[in-house]
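Working notes for the structure below.
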Amino acid sequence: MTTVRQVQVTFDCADPERVARFWCEVLGYVVPPPPTGFATWEDFDRSLPPEDQGSAFACVDPTGVGPRLFFQRVPEGKVVKNRVHLDVRAGAGLVGDERLATLEAECARLLALGASHVLTQRADGFNESCITMRDVEGNEFCLD
């Protein structure tokens, strides 16, 4: 049996490049080089049939450690809560007020990128603080 060594997370969305570039900024990811024979992704996109132009975009962890994120255009809009979401580990290892302050600072940075704040859950003696947010197309994610 083969062991899976890499994972790609795929997002359905309306504007793949916009959402991908948002997540590049959130995670410090980069856009991979265009396919061989193309100077830019725009050149590659123009080579596609009109109905396929702008239909997909990706970003990758420049260290090669994190999963590749792939964004694909779908015709329907988001209508319900995500079944899968990303946790952005901004406060890993921190507790109490220090953790909450770190999460709130990251929340402010992401709001400036176009994210929206949904809910701040404060530490309750069992769970540490976390913040639920939405990306530029309304997909939920957590700062934890």
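The values are calculated or read from the model by the stated rules, or taken from the named source; none is laboratory data. Computed from a prediction, not measured in an experiment: that's the story for all the values here. For neighbour counting, all protein chains shown are included, and Cβ atoms are generated from backbone atoms with ideal geometry for every residue, glycine included. Please note that ligands, DNA and RNA were not included when accessible areas were found on the heavy atoms of the full protein model with its side chains. Shrake-Rupley method; radii C 1.70, N 1.55, O 1.52, S 1.80 Å.
Tallying residues that are part of a loop (DSSP other than H, G, I, E, B) and either touching a Gly at 6+ places or on another chain (Cβ under 7 Å) or loosely packed, with under 10 Cβ neighbours inside 10 Å (or both) within region 61-82 yields 9. Selection of region 7-33 for residues being more than 13 Å from G114 (Cα to Cα), charged (D, E, K, R) and in a helix (DSSP H, G or I) yields only E17.
Does L110 fit the bill of being surrounded by 14 or more Cβ atoms within 10 Å (Cβ to Cβ) and among the hydrophobic types (A, V, I, L, M, F, W, C)? It is true that L110 is surrounded by 14 or more Cβ atoms within 10 Å (Cβ to Cβ) and among the hydrophobic types (A, V, I, L, M, F, W, C).
Out of curiosity, is A101 closer than 20 Å to E17 by Cβ and at pLDDT 95 or above? No: the conditions fail for A101. Search region 86-101 for residues being farther than 12 Å from R122 by Cα and among the small types (G, A, S), and hand back the single one that is most open to solvent (accessible area, probe 1.4 Å). Checking each candidate, the answer is G93.
Counting the residues of region 83-125 that are within 22 Å of Y29 (Cβ to Cβ) and either in a helix (DSSP H, G or I) or in contact with a Phe, Trp or Tyr (Cβ under 8 Å, 6 or more places away or on another chain) (or both) gives 17.
Out of curiosity, is A58 open to solvent by 70 Å² or more (accessible area, probe 1.4 Å) and either touching a helix residue (DSSP H, G or I) at 6+ places or on another chain (Cβ under 9 Å) or not in a helix (DSSP H, G or I) (or both)? Here the answer is no, as A58 does not meet what is asked. Annotation note: Cβ proximity below 6 Å between a residue of region 24-43 that is under 30 Å from C107 (Cβ atoms) and a residue that is assigned to a loop (DSSP other than H, G, I, E, B) and open to solvent by 70 Å² or more (accessible area, probe 1.4 Å) (sequence gap 6+ or interchain) occurs for V30/P62.
Only one of the numbered conditions (1) part of a loop (DSSP other than H, G, I, E, B); (2) within 19 Å of E17 (Cβ to Cβ); (3) in contact with a helix residue (DSSP H, G or I) (Cβ under 8 Å, 6 or more places away or on another chain) is violated by E128, and that is (2). From the residues in region 1-37 that are modelled with pLDDT under 95 and touching a helix residue (DSSP H, G or I) at 6+ places or on another chain (Cβ under 7 Å), which one is surrounded by the most Cβ atoms within 10 Å (Cβ to Cβ)? Here the answer is C13. Among the residues of region 40-55, just one is closer than 24 Å to G138 by Cβ and open to solvent by 50 Å² or more (accessible area, probe 1.4 Å), namely Q53.
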